[in-house]
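The structure under discussion appears below in the form of structure tokens.
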Amino acid sequence: MTDDTTSTTVSRRDLLRTGAAGVAGTTAGLSGCLGGGGSSTTLTLGTINVFPMMQYFVIDQQGWYEDELDAEIEVKTFGGGPPLVQAYQSGSLDLAYVGISPGLVGIANGVASKVVAANVLEPNVMVGSETFRSYWNEHGKQAFERFREEEGRKPTFATLPAGSTPDVFLRFWLQEKLGLSTDVVKIVGQSPSALQSTLLSDNADAGSVIEPIATRLARDDGTVEPFRYAKPIMPGQPGAVLQPSQSLIDDQPDLVRSLVDLHVRATEFIQNDRETAADMASEVVGTDVLPTEIARAAINSKASTFISDPAKIVDKSLVYNDFHQQLGNVDTDLSEDDVFDRSFYEEVSSGG
């Protein structure tokens with residue numbers, strides 16, 4: 001059974017890969033066993049199977065880690081950014097594709113690492129049930145109070161775990177943009193799969209989500225739909241990033257440069273062939289969890305602007321740090337130099 005599964009995965013990857021010389025490996029979970037042309041260097045990459053990690057999906061399915069790095073990459077997948085950062089803090093990761101919010105908390109709390117590339121711009125989406133959207137459309141920021149008065153309870157907002165980028169974005173929207181307390185809602189933090197199920201089963205009135213959850217919700221029953229995108233709330237909102245450890249940067253700068261080069265190439269691939277990139281995401285996540293038609297629709301949403309240049313997210317990342325301090329999550333005032341190392345991107349990119 002294992003051999004059949006492996007063989008099927010390799011065949012499908014081979015169909016998706018463009019320009020790679022043959023089939024280099026199997027799924028991400030096996031990449032550490034197969035990569036690197038015999039290199040003795042093994043690195044552990046932490047990531048999350050969500051759309052903002054699209055560059056990772058492309059790199060994995062193209063086989064670029066195996067074919068082009070002088071290192072083996074072992075991949076650990078987490079259910080959210082906060083547990084990923086906890087693993088980083090424990091010393092079990094060498095690099096990560098992680099949401100900017102937990103990534104910043106990690107740096108502020110002593111995870112020696114730097115952001116070397118950005119993944120996506122303005123990825124967050126506020127979705128709501130038909131009932132909550134009607135309150136919002138009629139009452140705007142007063143919708144929360146009117147909902148409580150007429151429904152007899154606070155509206156429930158589902159999102160990813162506390163400290164995740166969508167969670168903090170929800171709190172920022174309520175407090176900084178609407179001037180409200182987070183007490184006006186009940187916030188429930190969950191894994192991506194649980195979040196989707198909660199919203200589909202009417203166990204939440206609204207949510208702060210990312211793609212492809214927003215697209216899946218709208219397609220599955222049509223009653224939970226987007227009502228606010230990130231751009232009007234926080235133009236330039238940062239999403240996920242590539243964040244290697246400082247020791248990797250210091251000890252193996254050529255390898256980090258190669259990682260950033262692969263990232264930039266993956267971004268260009270996404271921009272030039274969005275549907276194939278969506279198919280790759282579906283392959284990594286699992287077509288049963290993320291059908292290709294959902295992935296293809298989601299990659300064309302307003303929340304799927306994929307980028308590489310870390311300079312585009314510096315200002316709003318530092319806003320996140322300020323907000324984390326207000327929330328009491330950290331007590332460190334981070335500077336750009338504390339968080340970012342833009343030199344690798346500048347070396348490998350022509351500015352795209």
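The values are calculated or read from the model by the stated rules, or taken from the named source; none is laboratory data. Keep in mind that what you see is a predicted model, and the values were worked out from it rather than measured. We place every Cβ from the backbone using ideal geometry, glycine too, and count neighbours over all the protein chains shown. Surface areas here come from the heavy atoms of the whole protein model, side chains and all, with no ligands, DNA or RNA. Shrake-Rupley method; radii C 1.70, N 1.55, O 1.52, S 1.80 Å.
Assorted remarks:
- Matching residues in segment 184-216 - criterion: being closer than 17 Å to residue 281 by Cβ and either in a helix (DSSP H, G or I) or out of contact with any strand residue (DSSP E or B) (no Cβ under 8 Å at 6 or more places or on another chain) (or both): 192, 193, 196, 212, 213, 214, 215, 216
- Residue tally, condition part of a loop (DSSP other than H, G, I, E, B) and either open to solvent by 10 Å² or more (accessible area, probe 1.4 Å) or among the charged types (D, E, K, R) (or both), over segment 233-249: 2
- The criterion of being within 25 Å of residue 110 (Cβ to Cβ), open to solvent by 10 Å² or more (accessible area, probe 1.4 Å) and of a type outside the set (Gly, Ala, Ser) does not hold for residue 271.
- Candidate set: segment 152-183, residues that are modelled with pLDDT under 95 and in a loop (DSSP other than H, G, I, E, B); chosen: the one farthest from residue 85 (Cα to Cα): 160
- Exclusive hit being within 16 Å of residue 121 (Cβ to Cβ) and not basic (Lys, Arg), set 344, 340, 323: 340
- When restricted to residues that are more than 15 Å from the chain's Cα centre (by Cα) and either open to solvent by 20 Å² or more (accessible area, probe 1.4 Å) or among the polar types (S, T, N, Q) (or both), segment 179-204 contains 18.
- Picking from residues in segment 290-309 that are part of a helix (DSSP H, G or I) and under 15 Å from the mean Cα position of the chain (by Cα), the one that is surrounded by the fewest Cβ atoms within 10 Å (Cβ to Cβ) is 298.
- Tally, over segment 323-342, of residues that are of a type in the set (D, E, K, R), in a helix (DSSP H, G or I) and open to solvent by 70 Å² or more (accessible area, probe 1.4 Å): 1
- Filtered residues of segment 65-96 (kept if more than 19 Å from residue 286 (Cβ to Cβ), surrounded by fewer than 24 Cβ atoms within 10 Å (Cβ to Cβ) and touching a residue at least 60 places away in the same chain (Cβ under 8 Å)): 68, 69, 70, 71, 82, 83, 94, 95
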